Amino acid sequence: MKADLLRYERQIILPEIGEEGQKRLAKSRVLIVGAGGLGSPVVLYLAGAGVGTIGLVDDDVVSVSNLQRQVLYDEGQVGKPKALCAQQRLRALNSEISVLAYNERLDETNATRLISQYDIVVDGTDNFETRLLISDTCRELNKPYVYAAIGGLEGQVAVLCKGSATYRTLFPELPSPSDTLTGKEVAGVTPAVVGSVAASQVLQLICNYGEPLIDRLWSIDLRTMQSFTIDI
């Protein structure tokens, strides 16, 4: 095996990935919007897997209350910009990839500019408005949108804007807070599980294996470990 592929040998031996899949990962560009609880496992596993270019969009700073679930950060980074701290951590994890930090909030003034530079967008946000903006922009630019949401001990993942479904398919009208998984209450393990599933969807889309959640919504309740998938 080539020296530059030894880092990834444990996944290259998988028939679903192989050397060809690893080359696809190296050439791929993935944008993660939100470097918090969900974004932490997503970017860590994508960086470890060898996704060639990772973009991070977040305008927040690290707080002590983040550390219970946002495993990208440590106590010494409290008060510092998340995007820049995450960039530093990922570069230390994998010096072979490019990590671009955008210390800004995704909004209507920059969404098209940022998303157009990437192949896939992953949701690490916690509000309806930003998710709607991501979905609308991805649909316009024909970019897959890996949607993920958490709340308490529950979570869900879907691949939108790849088939026929968008975020507007899930929520045709502005939902009330009780209808969406955007509450502040959350166990630290919830984003770990859900974010890992979202990262897995990215690998499937890039390497073209299995059955990604295109036009399907996967949900899990960690109280009972019951999970199910529905068409959307």
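The table for this structure:
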| item | result |
| --- | --- |
| Residue list for region 53-68, restricted to those being of a type outside the set (V, I, T), more than 15 Å from the chain's Cα centre (by Cα) and part of a loop (DSSP other than H, G, I, E, B) | D59, D60, S63, L67, Q68 |
| Unique match (being free of Cβ contacts under 8 Å to residues at least 24 places away in the same chain and of a type in the set (S, T, N, Q)) among Q70, Q11, Q77, Q87 | Q77 |
| Of all residues in region 209-232 being assigned to a loop (DSSP other than H, G, I, E, B) and without any contact (Cβ under 8 Å) to a residue 12 or more places away in the chain, the one that is farthest from R24 (Cα to Cα) | T224 |
| Qualifying residues in region 1-51 (those that are of a type in the set (S, T, Y) and assigned to a helix (DSSP H, G or I)) - the one nearest to S98 (Cα to Cα) | Y45 |
| Condition met for I115 (over 12 Å from the mean Cα position of the chain (by Cα), aliphatic (A, V, I, L, M) and modelled with pLDDT of 95 or more) | yes |
| Criterion violated by R91 - all others in (1) part of a loop (DSSP other than H, G, I, E, B); (2) basic (K, R); (3) more than 24 Å from L160 (Cα to Cα) satisfied | (1) |
| Enumerated helices (runs of 4 or more DSSP H) restricted to region 106-181, each holding at least 1 residues that are aromatic (F, W, Y) and out of contact with any Asp or Glu (no Cβ under 9 Å at 6 or more places or on another chain) | 128-141 |
| Residue, surrounded by the fewest Cβ atoms within 10 Å (Cβ to Cβ), within region 25-40, restricted to residues that are of a type outside the set (G, A, S) and under 18 Å from Q117 (Cβ atoms) | K27 |
| Among (1) modelled with pLDDT of 95 or more; (2) under 15 Å from the mean Cα position of the chain (by Cα), the one test that N127 misses | (1) |
| From the options L67, L72, L46, residue that is of a type in the set (A, V, I, L, M, F, W, C) and under 22 Å from A111 (Cβ atoms) | L46 |
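The values are calculated or read from the model by the stated rules, or taken from the named source; none is laboratory data. The structure presented is a predicted model; accordingly, all values stated were derived computationally and were not measured. Cβ atoms come from the backbone with ideal geometry, glycine included; neighbour counts cover every protein chain shown.
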